[in-house]
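K.L.:
My structure is below; once you've seen it, I'll send some questions.
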Amino acid sequence: MKTIEIQGRRTIADTLVDEEVHYVVEKGGTLGLFFDPTVVPSERRQRIIELRGRGARAEIVGAWHGHGTESLALHLDIDHAAPETWSRTDMRAVLSDEARLIFTGMLHIRPGAIKSDTFLRQDSLLLSPRARADATPSLEIEADDVKAGHAATAKPIDREQLFYLLTRGIPRIAATDLLIDAFIGAVRARKVGIG
């Protein structure tokens, strides 16, 4: 497993080439991590983000547009191992045709990691009835006085939003593209500010 230690402030673009990567954020360090797979890996990918030092921070965002029969399997483990650590994770996928996403995310707050604050979100937009998203966010909390939460959604394009754009004279394909861009663009725009 490849290990990357973070001291100070660092932003990393991870294209998921490596099978397993362990990011270690030391005291007062800040990691900005953006997942943007250019080639879909054939094997499951695992990323461990360990907030090892007091006050360590991580913002993790990711975007993927799956086509055809592509399949992406990603496991994220965000480990709050010290007090006053903070993390936010926002992963988005747009799935066309028979594309599939398998996402598992574990938020772990260890004993003694008081005043930690973490949230993990994974949202998928399904453009086909054959596209599939399986998201399993989890919490393991072993300390008091913490904030932790998670959420996951998988849904088709909102019909009311599409109808609104159509009634404004925007053709269906262009309207669909606008809604996809807005969905995935919310995460891609944050890429600039992470870290």
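The values are calculated or read from the model by the stated rules, or taken from the named source; none is laboratory data. Please read all numbers here as calculations on a predicted model, not as lab measurements. Using ideal geometry, Cβ is built from the backbone for each residue, glycine included, and neighbour counts are taken over all protein chains shown.
K.L.:
Scan the stretch 8-26 residue by residue and report those that are in a loop (DSSP other than H, G, I, E, B) and either at pLDDT below 95 or loosely packed, with under 14 Cβ neighbours inside 10 Å (or both).
P.N.:
The answer is G8, T15, L16, V17, D18, E19.
K.L.:
Name the residue that is farthest from E59 (Cα to Cα), counting only residues in the stretch 142-166 that are touching a strand residue (DSSP E or B) at 6+ places or on another chain (Cβ under 8 Å), of a type in the set (A, V, I, L, M, F, W, C) and surrounded by fewer than 17 Cβ atoms within 10 Å (Cβ to Cβ). Talk me through it step by step, then tell me what you get.
P.N.:
Let us first name the residues in the stretch 142-166 that are touching a strand residue (DSSP E or B) at 6+ places or on another chain (Cβ under 8 Å), namely 142-143, 146-157.
Still in the running and of a type in the set (A, V, I, L, M, F, W, C): 143, 146, 148, 151-152, 154, 157.
Still in the running and surrounded by fewer than 17 Cβ atoms within 10 Å (Cβ to Cβ): 143, 151, 157.
Numbers: A143: 21, A151: 16, I157: 27 Å.
In this case the residue turns out to be I157.
K.L.:
Follow-up question, since we're still on this one. Filter the stretch 37-65 for residues that are among the small types (G, A, S) and more than 15 Å from the chain's Cα centre (by Cα) and give the result.
P.N.:
So the first thing to find is which residues in the stretch 37-65 are among the small types (G, A, S), and the list is 42, 53, 55-56, 58, 62-63.
Answer for the stretch 37-65, where residues must be among the small types (G, A, S) and more than 15 Å from the chain's Cα centre (by Cα): S42, G53, G55, A56.
K.L.:
Working carefully through the options L101, L125, L107, find the one that is surrounded by 14 or more Cβ atoms within 10 Å (Cβ to Cβ), under 15 Å from the mean Cα position of the chain (by Cα) and free of Cβ contacts under 8 Å to residues at least 40 places away in the same chain. Don't jump to the end; show me each part of the working.
P.N.:
On the way: L125 fails: free of Cβ contacts under 8 Å to residues at least 40 places away in the same chain; L107 fails: free of Cβ contacts under 8 Å to residues at least 40 places away in the same chain.
On inspection, the qualifying residue turns out to be L101.
K.L.:
Sticking with this structure for a sec: Given the residues I49, I4, I78, which is the only one that is among the β-branched types (V, I, T) and in contact (Cβ under 8 Å) with a residue 40 or more places away in the chain? Give the derivation first.
P.N.:
Working: I49 fails: in contact (Cβ under 8 Å) with a residue 40 or more places away in the chain; I4 fails: in contact (Cβ under 8 Å) with a residue 40 or more places away in the chain.
None of the others qualify; the one that does is I78.
K.L.:
Cβ-Cβ under 6 Å, sequence separation 6+ or interchain: first residue in the stretch 130-154 and among the acidic types (D, E), partner in a strand (DSSP E or B). Which pairs?
P.N.:
Qualifying pairs under 6 Å: D134/I102; E140/H108.
K.L.:
Going through G105, G185, G149 one at a time, which residue ends up being outside any loop (DSSP other than H, G, I, E, B), at negative phi, small (G, A, S) and in contact with a Phe, Trp or Tyr (Cβ under 6 Å, 6 or more places away or on another chain)?
P.N.:
On the way: G105 fails: in contact with a Phe, Trp or Tyr (Cβ under 6 Å, 6 or more places away or on another chain); G185 fails: in contact with a Phe, Trp or Tyr (Cβ under 6 Å, 6 or more places away or on another chain).
Within the list G105, G185, G149, the selection yields G149.
K.L.:
Further question: Kindly indicate the residue of the stretch 70-98 that is modelled with pLDDT of 95 or more and assigned to a loop (DSSP other than H, G, I, E, B) and also nearest to F34 (Cα to Cα) among those meeting that condition.
P.N.:
T85
K.L.:
OK, next. Taking the conditions exactly as written (among the hydrophobic types (A, V, I, L, M, F, W, C) and touching a helix residue (DSSP H, G or I) at 6+ places or on another chain (Cβ under 7 Å)), does L166 satisfy them or not?
P.N.:
So L166 fits the description; yes.
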